[in-house]
Amino acid sequence: MAEGRVIPIVPLSAAQAEVDRVLTICNACRYCEGFCAVFPAMTRRLSFPAADVDYLANLCHNCGACLHACQYAPPHEFAVNVPQAMARVRGETYAGHAWPRALGVLYQRNGLVLSLALASGLALFLVLAVMREGGFWQRVDGGNFYAVFPHGLMVSLFAPVFAFVVLALAMAVRHFWRGISPGEASGPAVGEAARDALRLRYLDGGHGEGCNEADDRYTLARRRFHHFTFYGFLLCFAATCVATLYHYLFGWPAPYGVTSLPKLLGITGGVSLVIGTAGLGWLNLKRHPTHGDVAQRPMDRGFIALLFLTASSGLVLMLVRSTAALPLALCVHLGAVMALFLTLPYGKFAHGVFRVAALLKWAIEKRQPNTVGVGE
Amino acid sequence: MVDVLVVGGGNAALCAALMAREAGASVLMLEAAPREWRGGNSPHVRNLRCMHDAPQDVLVEAYPEEEFWQDLLKVTGGKTDEHLARLAIRASSSCRDWMRSHGVRFQPSLSGALHTARTNAFFMGGGKALVNAYYRSAERLGVTVRYETPIDRLELQDGRFVAACAGERRFAAKACVLAAGGFESNREWLREAWGQNARGEWPADNFLIRGSRFNRGVLLKHLIDCGADAIGDPTQAHMVAIDARAPLYDGGICTRIDCVSLGVVVNREAKRFYDEGEDFWPKRYAIWGRLVAQQPGQIAWSIIDAKAVGRFMPPVFPGVRADSLPELARQLGLDEATFMRTLEAYNAACRAGTFDHTVLDDCHTEGLTPAKTHWALPLDTPPFHGYALKPGVTFTYLGLKTNEHAAVHFDGTPSGNLFVAGEMMAGNVLGQGYTAGVGMSIGTAFGRIAGTSAARAALRERVHG
């Protein structure tokens with residue numbers, strides 16, 4: 001018997017059953033094997049139980065190449081649409097593995113309007129707090145925003161939220177990781193997964209010309225804008241880390257000069273994030289309607305919008321810091337940052353951690369012997 | 001007036017259109033199908049058989065001209081035009097850079113087809129990705145494409161092309177390339193070609209069409225009626241045994257049943273009728289369609305046991321599964337007593353050696369007719385699986401006679417401005433049989449030749465006219 005592995009029998013959801021149906025057709029065709037890791041991972045299986053469906057769905061980068069190349073895509077009666085089927089399951093895995101479990105429903109409610117409403121609500125709250133102190137529209141000496149919000153207050157606001165985000169995402173991916181039973185991670189496997197994640201290897205179309213967006217043309221646009229977004233985010237994060245070190249380790253409180261390390265990191269990161277999120281938002285609007293799950297667009301756009309708002313308000317804050325608009329700009333920026341962090345564990349950000357976990361499983365799995373030997 | 005009219009929208013038509021455009025001609029392409037079904041059978045293809053004298057990008061080792069020619073000679077049983085065949089073979093060694101320049105990408109052999117790494121270059125994403133790339137390139141170069149324009153007749157004058165007509169619409173051009181496919185989706189023509197058998201059946205009524213529903217052969221029939229020289233036998237086609245539950249059209253690759261060589265195949269009378277272990281399934285791929293077509297009811301069943309599972313390409317539909325052979329016979333609706341006699345005789349005749357489904361192994365039968373010459377293991381390990389097979393037609397071989405310039409011939413005289421490519425002339429090279437990827441080799445070679453010839457004819461007329 002080839003099915004030597006003991007797989008717990010879990011009933012498939014409708015979205016998982018569709019992936020099972022579609023992959024059964026793909027596995028008998030395999031023309032797309034060169035595009036990404038999903039297809040070689042698929043060929044190591046003869047059937048697709050729930051855990052494997054979740055794993056393969058998160059390994060899918062939603063690039064669309066296999067849809068445009070598919071001889072069984074609609075209007076064919078087989079109606080094969082891998083990116084869409086995978087996207088629906090991904091949405092379910094984010095919600096299903098959410099921590100705490102009950103908050104998984106937030107994924108369905110994390111829309112564009114909600115995200116922006118949250119950001120503006122928080123900003124308004126901060127504006128009102130500042131107005132109570134009577135300093136809403138005023139110059140602040142040396143652009144020192146701690147004069148508006150004391151450092152201790154900011155830390156007590158953001159540190160718990162940040163800690164919760166890390167905990168919630170770690171618990172979610174741990175739950176997912178246990179479900180897909182990946183085996184031992186070797187050094188080379190970890191290295192390969194990290195490289196693939198950092199390079200977005202599977203958005204290269206297998207031939208380096210990229211994936212599909214609006215039509216059957218290959219484009220590197222999404223890969224590049226995603227790089228701008230991801231590395232911009234990392235640079236901003238690094239700026240915050242360096243500033244924290246400056247503050248606590250060296251006792252150098254903000255504000256810092258334009259040529260200081262936190263500023264250079266923050267400005268570069270902010271500009272990069274603005275470019276990346278503007279590009280991703282534009283691509284999202286132009287996307288071929290059958291790629292992915294339309295129901296998740298509000299979530300995608302909410303996350304993109306909050307990232308854009310965070311980065312752009314940060315840049316504005318830097319530009320107006322010597323004017324009377326500083327308190328207002330600070331409120332808007334902090335509101336955006338707070339809204340972004342509050343929604344991180346229950347929004348599109350989750351795709352990053354789930355995808356990396358799936359990439360690591362693939363890197364582990366491809367190093368194991370293949371029990372399905374159909375080759376001649 | 002446009003210089004070159006290309007009738008058809010698949011690989012050969014696209015190659016012709018691109019070559020004619022590159023030669024400086026204005027080109028109008030007329031595709032019968034709507035955009036979402038464009039490309040004829042080409043969206044279902046996946047590789048190109050290529051001659052090469054040394055390892056080349058995705059191809060390993062060497063596959064010299066002579067070996068390619070011998071392979072072609074073997075599968076066609078000599079029904080091939082050596083001059084045209086060698087032209088296509090040589091062209092297959094040098095066309096890939098041109099294909100790449102139009103956006104076609106190649107990849108190493110796929111996991112289920114490792115045996116072809118030496119002879120065949122695989123398209124990244126398969127045939128539809130190739131077709132998409134060619135259409136993008138054609139549009140970029142200024143080729144005009146009209147979908148939903150099925151040409152039903154030509155205006156000809158003394159063996160020269162004047163215009164093509166789709167109902168009331170008329171398209172005049174200085175030269176024309178016909179690349180509109182065969183007639184496999186013309187059910188009436190297939191029925192007429194295959195006729196009625198001794199059992200009173202019309203075999204073609206039970207055929208499934210693996211490819212496009214738009215290849216109705218209207219133009220092919222029209223040209224033959226107009227006196228164009230034809231070549232080939234209307235019953236010859238690329239015909240494989242596919243899952244009987246496959247859709248009537250466009251089932252493509254995934255409906256193939258890949259386990260034939262690992263078990264036995266029985267007909268409606270529960271009897272075996274051919275050596276299932278003659279050669280690897282891909283190598284014998286194109287014979288089982290005809291074999292099944294000759295059986296009663298044009299149906300057969302591939303029977304395997306649990307030992308075969310995981311050793312062949314996963315089928316798209318689940319097989320009928322049973323825990324014993326008599327139960328499998330009952331579930332398949334086969335006569336249980338005959339089925340058990342067939343299976344018991346086979347199991348008893350198996351001389352097990354060292355089983356290896358990746359080579360021509362030494363497991364064979366003794367004293368059994370028909371023999372199973374390789375991979376003969378007794379079917380004794382439940383669960384057992386049965387897959388119903390029907391003949392699946394990919395493309396037909398009856399076509400228009402042509403020469404090295406891809407000219408259509410009338411009474412042995414080549415036309416000055418009417419050319420033919422692809423399935424409409426593949427029968428010149430491929431009179432019968434098939435070997436993987438050779439249809440694309442012929443289509444690409446003659447598509448390119450026809451496009452060049454048509455551009456030359458049109459531009460000559462431009463100068464003289």
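Throughout, read-outs are computed from the coordinates displayed, never taken from laboratory work. Because the structure is a prediction, the values reported are computed rather than measured. We place every Cβ from the backbone using ideal geometry, glycine too, and count neighbours over all the protein chains shown.
Listed values, structure above:
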| read-out | value |
| --- | --- |
| Selected from B:Val4, B:Gly289, B:Val438, residue furthest toward positive end of dipole (chain B; charges at beta carbon) | B:Val4 |
| Three-way shape label, region A:225-368, alpha-carbon gyration tensor, a/c 1.5 | oblate |
| Label-point separation in nm, B:His222 to B:Arg187, each point 7 Å along Cα→Cβ | 2.3 |
| For B:290-300, mean number of other protein chain Cβ atoms within 10 Å | 0 |
| Relative packing of peptides A:317-324, A:90-97 - highest average C-beta neighbours within 10 Å first | A:90-97, A:317-324 |
| Net dipole in debye of chain B [+1 Lys, Arg Cβ; -1 Asp, Glu Cβ; about Cα centre; nearest 20] | 1240 |
| FRET efficiency, B:Asn197 to A:Val294 (Cβ-Cβ, R0 60 Å, nearest 0.05) | 0.70 |
| Nonlocal amide H pairs with B:Ala230, under 5 Å, H built at 1.01 Å | B:Lys401 |
| Selection from B:Ala376, B:Gly310, B:Ala322, by position along the positive dipole direction of region B:307-388 (Cβ) | B:Gly310 |
| Ordering of A:197-205, B:293-301, B:95-103, B:448-456 by burial proxy (mean other Cβ atoms within 10 Å per residue, highest first) | B:448-456, B:293-301, A:197-205, B:95-103 |
| Magnitude of the charge dipole, region B:26-153, Cβ model with Lys/Arg +1 and Asp/Glu -1, debye to 20 | 440 |
| Shielding by partners - mean other protein chain Cβ count within 10 Å, residues of A:66-77 | 6 |
| Contact order normalised by residue count of region B:136-208, Cα under 8 Å, 6+ apart, percent | 14 |
| Stretch gain in nm, segment B:Arg245-B:Asp57, where the contour uses 0.36 nm per residue and the Cα spacing is subtracted | 63.8 nm |
| Additional length obtainable on full extension of the chain from A:Ala324 to A:Leu167, 0.36 nm per residue less Cα span | 52.7 nm |
| FRET efficiency, 1/(1 + (r/R0)^6) with R0 30 Å, evaluated for B:Ala345 and A:Thr371 via beta carbons | 0.35 |
| Cα→Cβ-extended label distance, 7 Å offset, between B:Glu336 and A:Leu103, nm | 6.2 |
| Average other protein chain Cβ within 10 Å of Cβ, residues B:127-134 | 5 |
| Length-normalised contact order of chain B in % [C-alpha pairs under 8 Å, at least 6 apart] | 24 |
| Magnitude of the charge dipole, the protein assembly as shown, Cβ model with Lys/Arg +1 and Asp/Glu -1, debye to 20 | 2600 |
| Mean projected area (nm²) of the alpha-carbon convex hull when region B:317-465 is viewed from all directions | 14.3 |
| DSSP H segments from chain A that extend 15 Å or more along their own axis, Cα-based, with Kyte-Doolittle mean of -0.5 or above | A:14-29, A:82-96, A:112-133, A:151-179, A:187-199, A:221-249, A:261-286, A:297-319, A:326-343, A:350-365 |
| Whether region B:281-353 is rounded, prolate or oblate, judged on the alpha carbon gyration tensor where a/c under 1.5 counts as rounded | rounded |
| Nearest-0.05 FRET efficiency for A:Glu184 and A:Leu261, computed from C-beta distance (R0 41 Å) | 0.60 |
| Amide proton proximity set for B:Met29, modelled H, under 5 Å, gap of 5+ | B:Val6, B:Thr144, B:Val145, B:Arg146 |
| Length released on extending from A:Arg139 to A:Ser47, taking residue separation times 0.36 nm less the Cα-Cα span | 26.5 nm |
| Global geometry of region B:66-176, whether rounded, prolate or oblate, following the gyration tensor of its Cα atoms and the 1.5 cut on a/c | oblate |
| Positive-end residue, the protein assembly as shown charge dipole about Cα centroid, Cβ charges, pick of A:His61, A:Ala324, A:Gly281 | A:Ala324 |
| log₁₀ of I(q)/I(0) at q = 0.10, 0.12 Å⁻¹ - chain B, Debye sum with one point per alpha carbon | -0.73, -0.99 |
| Relative contact order for region A:240-332, counting Cα pairs under 8 Å that sit 6 or more residues apart, in percent | 25 |
| In order through region B:48-53: 3J(HN,Hα) via Karplus (6.51 cos²θ - 1.76 cosθ + 1.60), integer Hz, x for Gly, Pro | 10, 6, 10, 6, 7, 8 |
